[in-house]
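The values are calculated or read from the model by the stated rules, or taken from the named source; none is laboratory data. Computed from a predicted structure; not experimentally measured. In this analysis, Cβ positions are derived from the backbone assuming ideal geometry, glycine residues included, and neighbour counts consider all displayed protein chains.
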Amino acid sequence: MPLIIWMKKKTVMKMKITVNNVTKEFIYPPMVNTPSCHASTVLPLEDGSVVAAWFGGTTEGNNDVKIWVSRRENSVWSKPYSVSVNGEELPHWNPVLFLRENGEIILYFKYGKPIPKWVTYYCISNDGGRSFSEPQVLVPGDKDGGRGPVKNKNIRLKDGTVIAPASKESLKKSWKCFVDISRDDGLTFEHSNFVLRPKKNAIPVNMIQPTLWESDEGLHMLVRTSRGSIYRSDSRDGGKSWCKAYETPLSNPNSGVDVVKMDNGCLVLIMNPVSENWGNRAPLVLMSSFDNGKTFTEFFKCEKLSGDYEFSYPAIVADKNTLHITYTYERKTIAYQKVEVSFE
């Protein structure tokens with residue numbers, strides 16, 4: 001059934017999203033030196049090319065894990081090349097790509113172990129993702145879990161402010177979300193207040209890896225949790241402070257999610273619709289919302305298989321009516337889908 005959205009003139013309009021064409025590719029066949037791949041990020045560019053990055057090595061958390069980058073040009077993905085901190089031998093994690101207004105591409109990533117001692121690094125590309133500068137620390141002195149985006153993309157607000165979705169995992173296994181706020185297009189950041197965690201069954205809900213969007217009502221986030229469902233929080237002051245997080249009807253098996261706001265206001269959420277904590281990360285579906293995230297309806301399955309499979313940690317970006325998606329495919333490689341949609 002079509003969803004109902006209230007427009008500014010208080011007239012009721014019915015809208016639905018239709019998938020017209022889907023392209024599915026593997027960015028690169030599984031490589032001998034990176035049998036385990038995870039946590040991708042994707043960035044379409046104005047010239048029609050697409051850049052993707054992920055971490056890969058023998059297995060997640062091993063010291064040989066580096067960041068890998070590939071560029072899609074003329075429908076062909078380039079051979080991946082690695083980005084890493086010079087002279088160091090600790091694991092790299094969770095790359096995030098971001099396009100600055102001057103055309104530079106920033107690649108953020110986490111480095112180190114254990115996770116509570118991550119440090120965020122960044123490097124810059126001036127050639128469309130074909131190469132990157134030497135990595136440097138994003139926030140000097142940061143040694144408590146990493147600053148800047150933790151998994152999902154930054155968003156640029158209407159006033160030009162850049163908001164990075166962030167979270168920290170402490171040694172006490174306490175997961176907390178916040179955002180990092182940048183006034184210089186993604187180079188330096190100001191730490192927001194932490195999102196207040198609600199309690200469920202008298203225990204605070206652990207929350208990490210927010211994904212963001214802006215509306216006329218403010219700034220909003222959906223977050224991954226350990227309680228079988230996605231939670232949400234909202235900000236009325238540009239991300240400086242957030243309301244106490246609250247539960248949504250959306251399932252979550254303690255795996256990453258991502259959301260993107262399209263030009264007409266439609267939200268598209270990509271997720272695993274499984275409610276068991278640390279449950280299966282399959283299938284992988286697209287959900288649409290025309291009421292600023294109050295309700296979502298499934299409209300497409302990126303991966304239909306369910307059960308003991310892994311199609312996880314998705315990233316999604318919209319370019320007009322085209323959705324660019326990457327995700328972990330069975331921990332062996334990274335899959336890419338280009339989904340063209342229309343509205344009526």
Pairs with Cβ under 6 Å, 6+ apart, first in the range 188-207 and within 10 Å of R227 (Cβ to Cβ), second of a type in the set (V, I, T) and at pLDDT 95 or above: P198/V205; V205/T225; M207/V223; M207/T225
Positions within the range 7-53 being modelled with pLDDT under 95, exposed (fewer than 13 other Cβ atoms within 10 Å of the Cβ) and under 17 Å from T333 (Cβ atoms), in sequence order: P29, V32, N33
Filter result for S70 (within 20 Å of D319 (Cβ to Cβ) and either buried (at least 24 other Cβ atoms within 10 Å of the Cβ) or not hydrophobic (A, V, I, L, M, F, W, C) (or both)): yes
Qualifying residue in the range 172-182 (condition: farther than 20 Å from L138 by Cα, assigned to a loop (DSSP other than H, G, I, E, B) and not charged (D, E, K, R)): yes
Filter pass, G61 being within 22 Å of P29 (Cα to Cα), within 21 Å of the chain's Cα centre (by Cα) and surrounded by fewer than 22 Cβ atoms within 10 Å (Cβ to Cβ): yes
The lone exception for V223 - which of (1) more than 22 Å from N264 (Cα to Cα); (2) of a type outside the set (S, T, N, Q); (3) surrounded by fewer than 22 Cβ atoms within 10 Å (Cβ to Cβ) it fails: (3)
Pick from the range 270-282, criterion among the hydrophobic types (A, V, I, L, M, F, W, C) and within 19 Å of H38 (Cα to Cα), ranking: surrounded by the fewest Cβ atoms within 10 Å (Cβ to Cβ): W278
Subset of the range 81-102 [in a loop (DSSP other than H, G, I, E, B) and among the hydroxyl-bearing types (S, T, Y)]: S84
For C123: the one exception among (1) assigned to a loop (DSSP other than H, G, I, E, B); (2) buried (at least 16 other Cβ atoms within 10 Å of the Cβ); (3) not aromatic (F, W, Y): (1)
